[in-house]
Every structure is written in structure tokens, then in C-alpha cells.
Amino acid sequence: VRRIPTPSQTVGPFFSIGLAPLYQKVARPDSSRTITVRGTVFDGDRKPIPDAVLEFWSSEDFARVPTSEDGTFSVTLSAERGESGKGPAKHFEVLIFMRGLLKPVYTRMYLTPAEALKTDSVLGAVPRERVATLFASKTSAPDQYSWNIVMQGENETAFFRFSSDDSSDQHPRSA
Amino acid sequence: VNYSPEEHPGVAQTEPPYLYPPYVSTQKRAPSRPLILLARAVATAAGPVFGHDSIRPSDADLTRQDSGEPLGERIIVSGRVLDEAGRPVPRALIEIWQANAAGRYRHENDNHPAPLDPNFTGCGRVLTDGEGRYSFVTVKPGAYPWKNHENAWRPAHIHFSLFGAGILSRLVTQMYFPGDPLLAYDPIFNSIPDEIARQRLVSTFDWPTTKPEQALGYRFDIVLRGSKSTPMETSHP
């Protein structure tokens, strides 16, 4: 018998009390090559969101960072991974929690656009005009990337759901 | 107060929607475009593995983290973490945070004029054992006001964050207390359309774990999505 998963609730505004122990320490213990991604999380009015927390997941990495008062975040990630264990990082899975989100949003951050576009089945499911929201862009500094997240409206980040999810968000908003 | 069933009649919904207008902050933060459907198999990140070295014994007893004891009603919260098939989830990290007995969070943005308790931080961490069991000691949190609507009060609750077998098992939720009259008025609790699912967030008073002259016991069992993948089972027999 399948049990009903415990429902999600918002992290609320005071999550740092409980979640800060796992916030990423800037100095990483290993000496592998790293990249840094900086960005801002925006709401539907294009205002920065100061009380969000992001988790970057891959098969070899986990990093949790909060947004600051100005809605910005900065995360340092391992660049040493790939499908075969070599080559640059291809993508990270990302969960975003915040006050006002009753359950996290799931999205992806891609670092190698040209290569990924050809082979990645997930990107193939994304409407063409929204694909760009999933790519971090290289900045002029080496190993520094920029990636913004828009929760709602114009240039809204592509968010995903999974096949066994219930249907509560299939029609998120009536026109 | 059930908002969503009117929009989607006849559909059992065990998760809250993103957009739930009675919870005002959802209105500018909920995604407005259709979510893109993926097969579960593409969400592959197994996530971090936590060892006992990452947890101190005092992390599971929120009444012994400072020089003195916090004020309030001591409680023992315990339960089991299971997957959807009913199997225990061992070595799952649980992070909790809560207000103190007066309903005040130790956070710079909490302006509620209730006293801080110098002996209460409100942060706890515990790993489930081999049978998926966990337990921690704390004080019962107070209700606190918020500005969502006129005369808005959150029911007493403890925030729970859990890591299971992978990214799709990740859960952040809130545990409530039985008989709380504020539950009926709380849009966050009532955002879950399905009545049975919603009641899963209400702990039960637990006589067997109540300690004489020490603390009341509350039981809160948790079911995570997904299940342990085969590689995890073989690498951690």
C-alpha cells in the first residue's frame, strides 16, 4: 500500500535558525577546480527576494545558500564532474525554498549550453523561448558565472514537476 | 477555507498548490507558467550523506544548548521516517527550527514584542536510526502573530527539514499540535486541499513517550516521497 507523502509547508521567514548550519562555507576543503555562480532571485513584480534559500544538487556536490537583503546569492560549486566522471560540470539540479512558497520549486542550472542543447532530453521538453532561463552565463572573470531566477511573469524561470506529482498545479492560474 | 478544490473539483490533492491567494505572499512568488513535466528518473541527484560526526548530542535536545534551561512546557517529539512503501528511512538528517514558548523566534526580522529566552535558540538536528526513528527534546512553541491578514496568528508549529534518498525525497514541512484552535484559521495549514493529508501534519499526544515529572510526548511520523535507490542500499547495507 502506497502511503501519502507528508505534505510540504513553507520554510517561512526565519529558516536561517534551522538551515544555517548547512550553509556553504566559502572556503572549500578540497582542491578541485571550482566555479562561482552569482545571481538574484526576483518575484512577479521584479523585486528581489531577500528570504529565499537555494540548494544546488549534483551526484557529487551539495551546496545550500540563502539570498541576502538585496535578493542576491553566491554559490561555489565543484566543476569537476560529468557523465563519465571527467570534463566540466554540465548541470546542477536546484531546489528553491522561500517564504510564500508552500513547496519548493525544482529547476536546473546548465553551464555548457551548446553541448547540452544537443543531447539533453530535459531541455528538449522545455518550450524553446524558456530554455535560456536555465543557462548560467559566463562573466568576464574566469570560472565566474551569473544566473538569475524569476519566480513569476516575464522571463519566468522554467520550473518542473514530476510524473507522480498530484495535479494541483496543472492549471496554476485561470486567465 | 479550502481554496483549491473549488478550482479542481473531484481531484484529491495532497500537496499545497503554489498559488494560494489566502496566503498573500504566494501571489507574487508562485510560478504562473505551466510546470514542465519530467519523468522522475531524470532527477538523479542522490544528495549529501550525513554521518553522526556532523551531529552533536546537544543538537537533539533544545533544552540543553545554553547555560540554563529555557522557559516553557518541555516536550519530547518522536516518530518514524518512512518512504511511500512504508520502509524506514535510516540516517535521514532532520533539521528543525521553532519559536520559543512565548512565540518569538531568535531572528533579527522577528518583531513580535514577546520576550526572547536567553536559554533557547530554537535550532535542532538529529539523524534517524536504522529503523527510521528519531526523537528530540524541546519546549512547546507559542503561537505568534503575522501580518498576512487582520488579526492573523500562526498556530504553534515546529519547522521540519528532511533529506531522504534523493532530491525528490527532500521535504520541508511544519508539525502542528493537536487541538490547536488556530488551525482552522491558518491559510498555510489549510492550503493543503486534502483533509486526510492535512491532518498528517498534526502530531498526536503520545502517552508512552511522556516522561513522568519531565516532559509530554508528541508523535509525528513522516512519509518521504520515493525510496532508497539500489546503489544506496548496496553501499550502506
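Quick notes on this one:
- Most simply put, chain B has about 75% antiparallel DSSP beta bridges, counting only bridges with both residues inside it.
- A simple rule links phi to the HN-Hα coupling: the Karplus curve 6.51 cos²θ - 1.76 cosθ + 1.60 with θ = phi - 60°, which for the range A:152-158 gives 7, x, 4, 6, 4, 4, 6 Hz, with x for Gly and Pro.
- Among B:37, B:113, A:52 - extreme Cα towards positive end, dipole of the protein assembly as shown, charges at beta-carbon: B:37
- Mean partner shielding of peptide A:99-112, defined as the number of other chain Cβ atoms within 10 Å of each residue Cβ, is 5.
- Buried accessible surface for the A/B chain pair comes to about 6900 Å², total over both chains, computed with a 1.4 Å probe.
- Cβ-placed point charges (K, R +1; D, E -1), dipole of the protein assembly as shown about Cα centre in debye, nearest 20: 580 debye
- Among A:11-24, B:30-43, the order from most to least packed when residues are scored by Cβ within 10 Å on average: A:11-24, B:30-43
- Prolate/oblate/rounded call for the range B:112-156, Cα gyration tensor, a/c under 1.5 rounded: oblate
- Accessible surface of the protein assembly as shown, 1.4 Å probe, proportion on carbon and sulfur as whole %: 53 percent
- Relative packing of peptides B:211-223, B:108-120, A:66-78 - highest average C-beta neighbours within 10 Å first: A:66-78, B:211-223, B:108-120
- Three-way shape call for chain B based on the alpha-carbon gyration tensor, with the a/c threshold at 1.5: oblate
- Think of the range B:124-237 as having a plus end and a minus end, set by charges on the Cβ of Lys, Arg, Asp and Glu; of B:197, B:151, B:208, B:151 sits farthest toward the positive end of this dipole.
- Counting, for every residue in B:157-169, the Cβ atoms of other protein chains within 10 Å of its Cβ and taking the mean gives 4.
- Three principal axis lengths of the range B:89-164 [C-alpha, angstrom, descending]: 45, 29, 19
- Each 5 Å bin from 0 upward holds the following percent of the Cα-Cα pairs of the range B:1-133: 2, 7, 11, 12, 13, 15, 17, 14, 7, 3, 0.
- A convex hull fitted around the alpha carbon atoms of the range B:97-237 yields 159 Å³ per residue.
- The distance from the alpha carbon centre of the range B:23-86 to that of the range A:1-25 is 4 Å, rounded to a whole number.
- The mean number of Cβ atoms from other chains found within 10 Å of a Cβ in peptide A:49-61 is 3, as a whole number.
- Each peptide among A:41-50, B:63-72, A:97-106, B:49-58 gets the average number of other Cβ atoms lying within 10 Å of its residues, and from highest to lowest they stand as A:97-106, A:41-50, B:63-72, B:49-58.
The values are calculated or read from the model by the stated rules, or taken from the named source; none is laboratory data. For clarity, every value in this text was computed on a predicted model and none was experimentally measured. Note that we place each Cβ from the backbone using ideal geometry, even for glycine, and neighbour counts take in every protein chain shown. Ligands, DNA and RNA are excluded from the accessible area calculation, which covers all protein heavy atoms including side chains. Shrake-Rupley method; radii C 1.70, N 1.55, O 1.52, S 1.80 Å.
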